[in-house]
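Working notes, structure below.
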Amino acid sequence: MAEIGMSAVKKRYGDTEVIHGIDVAIADGEFIVIVGPSGCGKSTLLRMVAGLETVTEGEISIGGRVVNRLEPKERDIAMVFQNYALYPHMSVFDNMAYGLKIARTPKQEIRARVEEAARLLELDGLLERKPRQLSGGQRQRVAMGRAIVRQPAVFLFDEPLSNLDAKLRVQMRLEIKQLQRKLGTTSLYVTHDQIEAMTLADRLIVMNQGVAEQIDTPMAVYERPETTFVAGFIGSPAMNFLAGRVGAGGHGLSLPGGATITDKGADLSGLAERPVTLGVRPEHLIAVAEAEAELRLAVELVETLGADTLAHGRPVGAEGADDAGALGGEAPGLITVRLPGLATVREGDRLPLRLAEGELHLFDRESGRRLADL
């Protein structure tokens, strides 16, 4: 069994704390993706699990055994790096077999394991080649094969696809997911790419400045983000945010551009006259006739993507004038609308919009924490 446990895990460099206390229990066979922007601490957390960084406080366990003081070779893990880390003078076979040779595994078993991994990764015809004779995708497969032959309790992936082109990333993403399901090995995968995170993970750990902002399934994170950071990071295009203010008695929500939302089914009586942030995803802003509009967008830029069209602009008043004064001078920011197919919207248009029922998110303006669904 290869459960991973992290209990109040912290990391400091001198007086600077970079991991602020992570608590998570990872089940045997689970595929966990640690996602976040550069510098958020995701690779540091992975390296602590690997034993390449020491744990300042807290405990990390693998298979029920606390590993804080164990060397990497004693943790029964295998790691796939961003830069492949292949030996250029060795053949594919020797690169994949190297760890087993160091562990004094019998030659016959080494050959059997390498050949099995090569078949699994479609590398069987390339075992005598050197890394320089391989494509980027093939090198990444060799790096994965080197990890597979170890038959570890845990796979650790540190941004393994970041050096590949966009098309190859999609292909390798599918292969990694299929491989993990076939092997059933507990896996921790680090990436800054939220599409990789959404498509690969059983659960996400969304990191921000050393804090796990949310730990949940990809769809739960997408549909019910706990903070504005998570809401803005997960989803492409990102969630739109509008500064708002709840009306007296909790009735209505005033937005920039003079828009007012009246009844979306949520009880806001405890938030009366409170400044808030309204979050709405681009696909939940629906183009409607002028008479049905709750919000109007002054279109500044249009991106035609084929399957859909993205319109970028700013909320405006009913007559087309910017009415930021309703919120004490707060100017409306740029927002994005996703329209299906080849929409006829043009730059300079004023696009009437309705906000989808049950798809709006309300956050505290100061803390960014989730308040309610609308």
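No lab work stands behind these numbers, since they all come straight from the coordinates. Nothing here was measured: the structure is a model prediction, and the numbers come from that model. Ideal geometry is used to build each Cβ from the backbone, glycine not excepted, and the neighbour counts take in all protein chains shown.
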Which of 227, 344, 186 moves the most in a Gaussian network model of the chain with Cα springs under 10 Å? 344
Quick one: Karplus J couplings for the range 145-152, per residue in order, coefficients 6.51, -1.76, 1.60, θ = phi - 60°, nearest Hz, x for Gly and Pro? x, 4, 6, 5, 5, 5, 6, x
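If one computes P(r) from the Cα atoms of the range 1-136, what percent of pairs lie at distances over 21 Å?
Value for the range 1-136 (Cα pairs over 21 Å): 54 percent.
Per-residue ellipticity at 222 nm for the chain, helices alone: DSSP H runs ≥ 4 residues times -39500 (n - 2.57), over residue total, nearest 500 deg cm²/dmol?
Details: 8 runs with 85 residues, N = 374.
Rounded to the nearest 500, the figure is -7000 deg cm²/dmol.
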Taking the alpha carbon gyration tensor of the range 190-298, what are the square roots of 5 times its eigenvalues, largest first, to the nearest whole Å? 30, 17, 11
Between residue 157 and residues 5 or more places away or on another chain, which pairs have amide H atoms under 5 Å apart, with H built 1.01 Å from N, and which residues are they? 80, 188, 189, 190
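Just for the range 11-165, what percent of DSSP beta bridges are antiparallel, to the closest 5?
55
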Which whole-Hz ³J(HN,Hα) couplings does the range 201-207 yield from phi under the Karplus relation 6.51 cos²θ - 1.76 cosθ + 1.60, θ = phi - 60°, glycine and proline marked x? 7, 6, 9, 10, 10, 8, 9
Could you derive backbone 3J(HN,Hα) for the range 61-76 from the dihedral phi with the Karplus parameters 6.51, -1.76 and 1.60 (θ = phi - 60°), listing whole Hz in sequence and x where the residue is Gly or Pro? 10, 10, x, x, 10, 5, 10, 3, 9, 8, 5, x, 5, 9, 9, 6
Taking the Cα centre of the chain as the origin, how large is its charge dipole in debye, to the nearest 20, when only Lys and Arg (+1) and Asp and Glu (-1) carry charge on their Cβ atoms? 1940
For residue 272, list long-range residues whose amide hydrogen, built 1.01 Å from N in the peptide plane, is under 5 Å from its own amide hydrogen. 250
Inter-part distance where the range 186-263 and the range 1-38 are each reduced to a Cα centre, Å: 21
Cα pair distances of the range 37-80 binned at 5 Å [whole percent]: 5, 23, 32, 22, 11, 5, 1
Calculated diffusion of the range 123-213, Stokes-Einstein form, Kirkwood radius summed over Cα pairs, 20 °C and 1.002 mPa s, µm²/s: 149
For the range 111-266, what is the convex hull volume of the alpha-carbon atoms per residue, in Å³? 157
Have a look at the range 98-151 and give its Rg and Dmax from the Cα atoms, expressed in angstrom. 10.9, 31
Descending semi-axes in whole angstrom, ellipsoid equivalent of the range 62-174, from the Cα gyration tensor: 23, 19, 12
Measure up 42/107; 10/107; 73/177; 11/182; 10/167; 73/107 against 30 Å on the Cα-Cα distance and list the ones that go over. 42/107; 10/107; 11/182; 10/167
10 Å-binned pair-distance histogram of the chain (Cα, whole percent): 5, 20, 25, 20, 15, 10, 4, 1, 0
